[in-house]
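The values are calculated or read from the model by the stated rules, or taken from the named source; none is laboratory data. As the structure is a computational prediction, the values presented were derived from the model and not from experiment. Cβ sites come from the backbone with ideal geometry, for glycine too, and all protein chains shown count toward neighbours. Heads up: the accessible areas ignore ligands, DNA and RNA and are worked out on the full protein's heavy atoms, side chains in. Shrake-Rupley method; radii C 1.70, N 1.55, O 1.52, S 1.80 Å.
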Amino acid sequence: MSAVINSRAKLPADLKQFCTMFRLDTKSLLSVNPKTEKSAIETRILHLSPADSSGVDVCPMAKNCKKICLHFAGNPAYMSTKQAARIRRTLAFSADRQRFGLLLILSILHACNKQDDKILAVRLNGTSDILWENVDLTVTPEFSTFCRIKFGALVPIGKRNIFEIFNFIRNHTGQNVTFYDYTKVKRNWAECARIGYHLTFSFDGHDNIQNDKIAREALSHGVNVAAAFNIKRGQTLPRFVHYQNRKFWVIDGDTSDYRPGDKQGYRIVGLRFKLPHGIKWTESERDSFCMA
C-alpha cells in the first residue's frame with residue numbers, strides 16, 4: 001500500500017452532490033452484523049432494502065425467503081431508522097449505479113485503510129441479490145487521482161466491474177479484498193470464480209421448483225448450497241443430508257459467515273432456522289422451507 005494518504009482530500013463534486021441527495025456517507029455505507037462478526041476475517045456488508053420493499057426489486061428470485069428475510073430481525077426500537085437508511089441506499093443505487101458504485105469503492109478503501117494490510121472480506125448483497133459482476137463502473141482520471149491521494153490506492157482508469165477493479169488494486173498497491181455472497185440467481189459460475197467473486201447458492205424451500213433447478217446447476221459447478229435446517233439454536237446439525245437423490249456433507253454455516261473458507265464442492269451449508277421478531281409461520285411452512 002502506498003504511503004500517500006491525505007485525509008483532507010476533497011470528494012469529487014458530482015459524488016458529493018450524490019451523497020447529499022440521498023444522505024449517504026462512504027464511512028457508513030458498509031456495516032457489520034452479528035453473523036459477520038463471528039468470522040475470523042474482518043467483514044463489511046452492504047445492506048439494501050430487500051426484494052421490492054423500496055419499490056425497486058433487488059432480489060429477482062426471492063419467494064419463500066421474502067417473508068422471513070433477516071432484514072426484519074434486530075432490535076425493534078431501531079427498525080424504522082435501519083429500514084429508512086436501506087431504502088435510501090437502494091433508491092440511490094437504482095437512480096445511478098455508476099456513482100453508487102464509485103462510492104462503494106471509496107467505502108471499501110476506507111475500510112481497508114483501517115485494517116493494517118490484513119484481508120478484508122466484503123459482501124455486497126447483504127439483503128439483496130444484484131448481479132454485481134454485470135455492473136460496469138467507469139473510473140475517470142479525477143476519481144483515480146482522488147483515490148491515490150486519499151487512500152494511497154492505484155485505481156485503474158476505464159470501465160471494469162468492482163471485482164476487476166479490486167483485483168487491479170491488490171496487484172498494484174496491496175489492498176487485499178475478498179468478495180463473497182449468497183445468491184438465488186442463476187449466474188455464470190465459472191466467470192464469477194475467475195474474477196474472484198465467491199458465491200454460495202441459497203435453497204428456498206422444497207416447493208420452489210425453479211430454485212431447485214438452479215441449485216442443481218450450481219452444485220454441478222462446484223458451488224455449495226446453503227439451506228435452513230429445522231433445528232434449534234445450540235442443537236447439532238446432521239453430518240449428512242439427502243438432497244436431489246444424493247448424499248451431501250453438511251457444513252455448520254452458523255459458526256462463521258465467511259463462506260470462502262468452506263470446503264468447496266458438493267456440500268450443504270447448514271443454517272439453523274431463525275424467525276425474525278414478530279413474524280409468524282406455521283409448522284408446515286417451516287418444514288417446506290427447511291431442507292431437513
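Near F18: Cβ cut-off under 10 Å, other residues only, Lys/Arg at +1 and Asp/Glu at -1. The net charge is 0. Between E42 and A121, the built amide H atoms are under 5 Å apart, and every one of these is 5 or more places off in sequence or on another chain. Between D287 and K263, the modelled label-to-label distance comes to 3.2 nm, taking each label 7 Å out from Cα in the direction of the beta carbon.
Counting charges near R233 (Lys, Arg +1; Asp, Glu -1) among other residues having Cβ under 14 Å from its Cβ returns a value of +3.
Calculate, in nm to one decimal, what K280 and N176 gain on full extension: separation in residues at 0.36 nm each, minus their alpha carbon distance.
33.3 nm
Amide H contacts under 5 Å for R267: V225, restricted to partners 5 or more places along the chain or on a different chain, H placed in the peptide plane at 1.01 Å from N.
Only lysines eight or more places from K10 in sequence, or on another chain, were considered; those with a Cα closer than 22 Å are K27, K114, K150.
Partner lysines whose Cα lies under 19 Å from the Cα of K274, excluding those fewer than 8 positions away in the same chain, are identified as K35, K38, K63, K66, K67, K184, K232. To the nearest ten degrees, helix 141-151 and the longest principal axis of the Cα atoms of the chain are 80 degrees apart. Between D96 and Q244, residue separation times 0.36 nm minus the direct Cα-Cα distance comes to 49.2 nm. Note that the stretch 232-292 presents 62 Å² accessible area per residue, ligands and nucleic acids not counted, probe 1.4 Å. For the stretch 221-226, the Karplus equation 6.51 cos²θ - 1.76 cosθ + 1.60, evaluated at θ = phi - 60°, returns couplings of 9, x, 8, 5, 10, 8 Hz by residue, with Gly and Pro reported as x. Database remark: amide H of F179 closer than 5 angstrom to the amide H of V122, H198 (H placed geometrically; neighbours at sequence offset of 5 or more, or on other chains; Pro and chain starts carry no H).
Compute the Cα gyration tensor for the stretch 198-269, then decide on rounded, prolate or oblate, letting a ≥ b ≥ c be the square roots of its eigenvalues: rounded whenever a/c is under 1.5, prolate when a/b is larger than b/c in the other cases, and oblate in all that remain. The shape class here is oblate. Qualifying trypsin sites (Lys or Arg not before Pro) in the stretch 1-47, where qualification requires a DSSP coil assignment and no more than 13 other C-beta atoms within 10 Å, comprise R8, K10, R23, K27. Extension gain, I41 to L131, is 30.0 nm, computed as 0.36 nm per intervening residue step minus the present C-alpha separation. Taking every protein chain into account, the accessible area of the stretch 168-219 amounts to 41 square angstrom per residue (probe 1.4 Å).
In this simple spin-label approximation, I149 and R23 carry label points 7 Å from Cα along the Cα→Cβ vector, and these lie 3.0 nm apart.
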